[in-house]
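Engineer: Quick one: structure below, then a few questions.
What follows is calculated from the coordinates using simple rules that are stated; it is not laboratory data. Only a predicted model underlies this, so the values are computations on that prediction, with no experimental measurement involved. Glycine gets a Cβ as well: all are built from the backbone with ideal geometry, and neighbour counts include every protein chain shown.
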Amino acid sequence: MIRITNIERFATHDGPGIRTTFFFKGCMLHCPWCSNPETWSSSPVLLHDAKKCTSCGLCEKACANGAIRLVNGQWTYDRHKCRVCRRCEAECLNDAISFSGNDYTVSELVTIAKKDLDFYEESQGGVTLSGGEVFMQFEGLRELVHALKKEGLHVALETTGCYSNEKLKEIADEIDLFLMDLKHTDAEKLYEATGADGQLVMDNFRYLADHYPEKIILRMPVIPRFNDDEETILSVLDFAAQTGIAEVDLLPFHPLGKSKWIQMGRRYAYENDKMMDKENLYPYIQIGKEKGIQVKVGG
């Protein structure tokens, strides 16, 4: 079984052509700008949309563990008491409550992917496995990749690069494209902000660059107060040039994940930051050319 938070059909930003993207649950990182914080935990996560909630009390009555209560008309939730029975989700008349995380067999996911075979063929698309971090469910990942390749499908992995090199070696040959993040070249700053092991990330990039250079697109989310300075961006471009990575996608910050943080009852650290203007990153396209790298803004 593989635990999935979302399935996006007709995706166009997660690899070439029209794609089906499966978002895996579980991630070892905790990036404060994350667009999908519901993927961090390997367990299902409750999201409550206050805009849809009418405080009718049906969810409170349905919760046998007292995890949900209405206090002075305000909806409250104690995650420690929740047993993920999902009765509240079933009883909510306004779809204000949802749980992120559903289990699928490999065959079920392959069947879903094959629904759009005609679109893949016409657009040179395929399937993208994203997250969270797909390597957190490695056994399921390996089985799913093998099954998708048996169907002749193009498979891309959207990944943090933060996992053992042995796991990467075991699966790399069957992957058609790695969309892999390099958030910062300073291992200490990377760890402080995200919890990632920078050495692991660098080692995995170097392995792919040595053995499968045509399969890598380096992705750098450009984040305010973390890595949006010229020195850091140039260091990433230099790393790509040194390792022979041909394409770097600079992904300008956006706060589109803010609503999920709020629905999870968590504070979003970038709540006051506006979407970054793509034009601010355009000068790096020419700089990339001078270094022998194709730089794209937005991927």
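Engineer: Once the Cα atoms of helix 230-243 and of the chain are each reduced to a long axis, what angle between those two axes, in degrees from 0 to 90 to the nearest 10, is obtained?
Structural biologist: 60
Engineer: Return one quarter of the surface area of the convex hull spanned by the alpha-carbon atoms of the chain, equal to its mean projected area, in nm².
Structural biologist: Numbers: hull surface 65.8 nm².
With the hull built on Cα positions only, its mean projection is 16.4 nm².
Engineer: By per-residue mean of other Cβ atoms within 10 Å, what is the highest-first order of 63-76, 194-207? Working shown, then result.
Structural biologist: Details: 63-76: 13.4, 194-207: 18.5.
Packing order, densest peptide first, comes out as 194-207, 63-76.
Engineer: Same structure, new question: Each label point is 7 Å from the Cα along the Cα-to-Cβ direction; what then is the distance between the points at Ala147 and Ser164, in nm?
Structural biologist: That separation, rounded to one decimal, is 2.4 nm.
Engineer: Something else now. Tell me which of Leu70, Cys53, Val84 sits at the most positive position along the dipole axis of the range 45-98, charges placed on C-beta atoms (Lys, Arg +1; Asp, Glu -1).
Structural biologist: Looking along the dipole axis, the top candidate is Val84.
Engineer: With θ set to phi - 60° and the Karplus curve 6.51 cos²θ - 1.76 cosθ + 1.60, what are the ³J(HN,Hα) couplings of the range 97-103 in order, to the nearest whole Hz, using x for Gly and Pro?
Structural biologist: 10, 9, 10, 9, x, 10, 8
Engineer: To the nearest 20 Debye, how big is the dipole of the range 45-98 about its Cα centre, given +1 on the beta carbon of each Lys and Arg and -1 on that of each Asp and Glu? Could you put the intermediate results ahead of the total?
Structural biologist: Numbers: 9 positive and 6 negative charges, 30 e Å.
For this selection, approximately 140 debye.
Engineer: Spelling out what I want: for every residue of the range 109-120, take phi, set θ = phi - 60°, compute 6.51 cos²θ - 1.76 cosθ + 1.60 (Karplus), and round to whole Hz; glycine and proline get x.
Structural biologist: Residue by residue, the range 109-120 yields 5, 5, 4, 4, 4, 6, 4, 10, 4, 4, 5, 4 Hz.
Engineer: Rounded to the nearest 5, what % of the DSSP beta bridges within the chain are antiparallel ones?
Structural biologist: About 40 percent, rounded to the nearest 5.
Engineer: When averaged across all projection directions, what area in nm² does the alpha-carbon convex hull of the range 45-98 cover? Before the final figure, lay out the partial values.
Structural biologist: Working: hull surface 12.7 nm².
Approximately 3.2 nm², given one-decimal rounding.
Engineer: For the residue pair Ala90 and Ser35, what label-to-label distance in nm results when each label sits 7 Å from Cα along the Cα-to-beta-carbon direction?
Structural biologist: It is 3.4 nm.
Engineer: Follow-up question, since we're still on this one. Could you work out how much longer the chain between His13 and Arg206 gets when fully extended? Use 0.36 nm per residue separation minus the Cα distance between them, nm to one decimal. Before the final figure, lay out the partial values.
Structural biologist: Working: separation 193, 0.36 × 193 = 69.48 nm, distance 2.47 nm.
Residue separation times 0.36 nm, minus the Cα-Cα distance, leaves 67.0 nm.
Engineer: Whose amide H sits under 5 Å from the amide H of Val295, counting only residues 5 or more places off or on another chain, with H placed in the peptide plane?
Structural biologist: Amide H to amide H, under 5 Å and 5 or more residues apart or across chains, Val295 pairs with Val248, Lys289.
Engineer: Mind putting a number on the dipole of the chain about its Cα centre? Charges go on the C-beta only, +1 for Lys and Arg and -1 for Asp and Glu, and I need it in Debye to the nearest 20. All intermediate terms of the calculation are to be shown ahead of the outcome.
Structural biologist: On the way: 35 positive and 45 negative charges, 268 e Å.
About 1280 debye.
Engineer: Quick check on packing: order 208-218, 16-26 by the mean number of other C-beta atoms within 10 Å, highest mean leading.
Structural biologist: Details: 208-218: 16.6, 16-26: 22.0.
Going by the mean number of other Cβ atoms within 10 Å, highest first, we get 16-26, 208-218.
Engineer: Next question. In Å, the Kirkwood hydrodynamic radius of the range 122-251 over pairs of distinct alpha carbons?
Structural biologist: Working: mean 1/r = 0.0658 Å⁻¹.
In the range 122-251 this quantity evaluates to 15.2 Å.
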